[in-house]
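S.K.: Below is the structure I would like to discuss, written out as structure tokens.
No value in this document is a laboratory result; all are computed from the given coordinates. Just so it is clear, the structure is predicted and the values come from calculations on it, not from any experiment. Positions of Cβ are backbone-derived with ideal geometry, glycine not excepted, and every protein chain shown enters the neighbour counts.
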Amino acid sequence: MQVRKNNTPVIGIIGGHGQMGCLFADFFNRPQGGFSRPKVLIADIGTELTNQQLAERSDIVIISVPIDQTEKVIKEVLPHMRSDAAIMDFTSIKEMPVNAMLKGKCEVLGMHPMFGGTNPIPGQTIILCPTKKSGHWSAWMADFLKENHVKIEKLTPKEHDQTMNIAQGLIHFAEITFADAIRRSGQLPIRQLLKYTGKASELKILVAARLIAQDSKLYGNIQIQNPYALKSLKEFQKSVTELLKIVAKKDLKSFKKYFEKNKKFYGKYLQEAYNDSSYLIDKLLELKATRKEKVTRKKPGKKDLAILGPANTFSHIAGDKYSNVQKYFAHDIEEVFELVEQGSVAEGLVPIENKLHGSVRETLDALFNKNVHIVKELTIPIHHCLVCFAHSQKSDIKTIISHSQALGQCKKYLQKNFPKVATESVASTGTAIEKLLINSDKSVAVIAPEIAAGNHGLKILAENIADEAENATTFVVIKKGRLTLSQNSNHQNSHSPKTSIAFYFSADTPGSLFTVFQDFAAAKINLTKIESRPTKKHFGDYIFYLDFLGHVTEPNIKKTLQSVAAKVAELKILGSY
């Protein structure tokens, strides 16, 4: 079909101040694909322009009014339509409005947007119902929608109403009656009931309540005005009646037969539906957790130790090993640094290196960029456990969830002991524990530290399941402020201190790094770690991180660092500890 980009119509929307009318008025005013912007006229309650005047001045008239008013408005404007213009509608049924529009002399196209008035239009679906009177402007509309990334489906008006009778009418009917049945039960207020429902059931209640929250007149018209409604609703009634009889007779055999007939009908879609609904449940859990955290999360205290959250992770273990002060669980490593730099907490504790996975990049970057310094280092062994509910057995487990690193560190164990079990990655081992507790599912297990099981009354199904038994993570404790070469220190030589520094050069020149190493070699200072990170300013520019034995206040080290400082663009002493 040839795109009619240069033939721009005047589009009149009757009901243009309603949600759908406003949405499409804005849509027509922001065309893509080379289309010129059409002029949009609006007629609605309170506008100067009447429906008849709009019809006389428009090339395309769109009826965007409630279903029960549609036929009346069509009859009102048809006598005022030009024969070279087109009339279209947004109604959720199609035979009635299309038949009414066909009585005029103008062009006719049925349209049904398959979305609400608050949705962005690109990417959505619109059903078009061409008629024997569809022509020039109908083709323009189809081209305009396609060029603006709208998905087009085409049906005859009869096919549309038969399809929508199931796709909208029957489904909405089930949701409305389901919501009403909960109301009639009268046993518990809805929020009390939700405490005792599984998450899949809560999702069903959520969808039903979502519909009830909307316009009763719109959904009433969808039920009442579709000419095929009663046929499908009687089938719904048969389904309910049959199942009621089965339950009344306590006939499990017949129930299984009833159930299995539907399994056969839905076929391969069942697994897709299970996976997609599981994803939606996960997102619902994340939403509720975020909402709960906003309400209950405490503010950090001046004496707190900020650590990477949530609770029951290896960061939590490291924090408890370092100090028994109050812990503040931060969202991420960056928040720990910000809280320390701002003085909102006394200290922070962050991971800096894992034996298997190497340095933590976020920590290295923040150590250089933030006004903090390291005061202590501690290393804890990483012992992964497989954690589940007390009543779960190994044979029950169908899904194992954890942080991606934990799953990777236990890969051989999982392949040997759970070769057919699905794995799922989440933000942290603490998040995995939270998800296990919320779902209350005995078929789920989590890879997490032992502390998580102890704090929540969970069972350890297997201990020390990591493929590498000697894995460990090193953490550093940070305080506000910078260390300088001129300051004094209470350093005691007995604890074998080390110093961490970072620096970069003003220009990348041959041998510049070598000259720094020469200074350390000449001073007989033992370098224990050398690493580099991009400066993120220019490609090829790096920040170099060095660890070496000794304290910054020792004369030999102070003299060496003074020499290094003269050769580099910036030197930062990350800490002596």
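S.K.: Quick one: MET88, MET164, MET96, fewest Cβ neighbours within 10 Å first, how do they rank?
M.R.: MET96, MET164, MET88
S.K.: In the structure shown, do any of LYS72/LYS94; LYS199/LYS238; LYS420/LYS459; LYS158/LYS268; LYS355/LYS398; LYS298/LYS321 have a Cα-Cα gap over 20 Å, and if so which?
M.R.: LYS199/LYS238; LYS420/LYS459; LYS158/LYS268; LYS355/LYS398; LYS298/LYS321
S.K.: Could you give the length gained by full extension between ARG30 and THR474, i.e. 0.36 nm per residue of separation minus their alpha carbon distance, to one decimal place?
M.R.: Computed gain between ARG30 and THR474 is 154.4 nm.
S.K.: Can you tell me the mean projection area, over all orientations, of the convex hull of the chain's alpha carbons? Units nm², please.
M.R.: Mean projected area for the chain: 38.5 nm², to one decimal.
S.K.: How long is region 1-66 along each principal axis, judged by its Cα atoms, biggest number first, in Å?
M.R.: 36, 24, 19
S.K.: Using only Cα atoms, figure out Rg for region 57-145 and give it as a multiple of 2.2 N^0.38 Å.
M.R.: This ratio for region 57-145 stands at 1.03.
S.K.: If you don't mind, there's one more thing I want to ask. For VAL65, which sequence-distant residues (separation of 5 or more, or a different chain) have an amide H within less than 5 Å of its own amide H, given hydrogens modelled in the peptide plane?
M.R.: The list, which skips near neighbours in sequence, is PHE90.
S.K.: Could you check the spin-label model distance between LEU549 and LYS303? Points 7 Å from the Cα along Cα→Cβ, value in nm.
M.R.: 3.9
S.K.: Moving on to the next point. Distance from the Cα centre of region 96-128 to that of region 52-89, in angstrom?
M.R.: 12
S.K.: In terms of modelled amide H atoms, which long-range or inter-chain residues lie less than 5 Å from the amide H of LEU356?
M.R.: Amide H neighbours of LEU356, under 5 Å, 5+ apart: ALA472.
S.K.: Something else now. If you take every DSSP beta bridge fully contained in region 305-381, what fraction is antiparallel? Give it as a percent rounded to 5.
M.R.: In region 305-381, approximately 20 percent of DSSP beta bridges are antiparallel ones.
S.K.: Quickly estimate the mean residue ellipticity at 222 nm for the chain, helices only: each DSSP H run with n ≥ 4 gives -39500 (n - 2.57), and the total goes over all residues, rounded to 500.
M.R.: Taken over the chain, the calculation gives -13000 deg cm²/dmol.
S.K.: Suppose R0 equals 41 Å. What FRET efficiency, 1/(1 + (r/R0)^6) with r the Cβ-Cβ distance, do ASN556 and LYS355 give to the nearest 0.05?
M.R.: 0.85
S.K.: While we're looking at this one, here's another question. With a 10 Å Cβ neighbour count serving as the proxy for reagent exposure, in which order, fewest first, do LEU109, LEU233, LEU211 appear?
M.R.: The fewest-first ordering by Cβ neighbours comes to LEU211, LEU233, LEU109.
S.K.: Please work out whether region 161-266 counts as rounded, prolate or oblate from its C-alpha gyration tensor, where a ≥ b ≥ c are the square roots of the eigenvalues and a/c under 1.5 means rounded, while otherwise a/b larger than b/c means prolate and anything else oblate?
M.R.: Note, shape of region 161-266 comes out oblate.
S.K.: Whole-Hz ³J(HN,Hα) for each residue in region 405-419, computed from phi via Karplus 6.51 cos²θ - 1.76 cosθ + 1.60 with θ = phi - 60°, x for glycine and proline: what do you get?
M.R.: 5, 5, 4, x, 6, 10, 4, 5, 4, 5, 4, 7, 9, 9, x
S.K.: Sort VAL10, VAL108 so that the residue with the fewest other Cβ atoms within 10 Å of its own Cβ comes first and the one with the most comes last.
M.R.: VAL10, VAL108
S.K.: Also, I was wondering about something else. Leaving out same-chain residues fewer than 8 places away, which lysines sit with a Cα under 23 Å from that of LYS245?
M.R.: List returned: LYS231, LYS234, LYS253, LYS256, LYS257, LYS261, LYS263, LYS264.
S.K.: So, one more: Excluding residues fewer than 8 places away in the same chain, name every one of the lysines whose C-alpha is closer than 28 Å to that of LYS559.
M.R.: Those lysines meeting the cut-off are LYS370, LYS376, LYS479, LYS480, LYS498, LYS524, LYS529, LYS567, LYS572.
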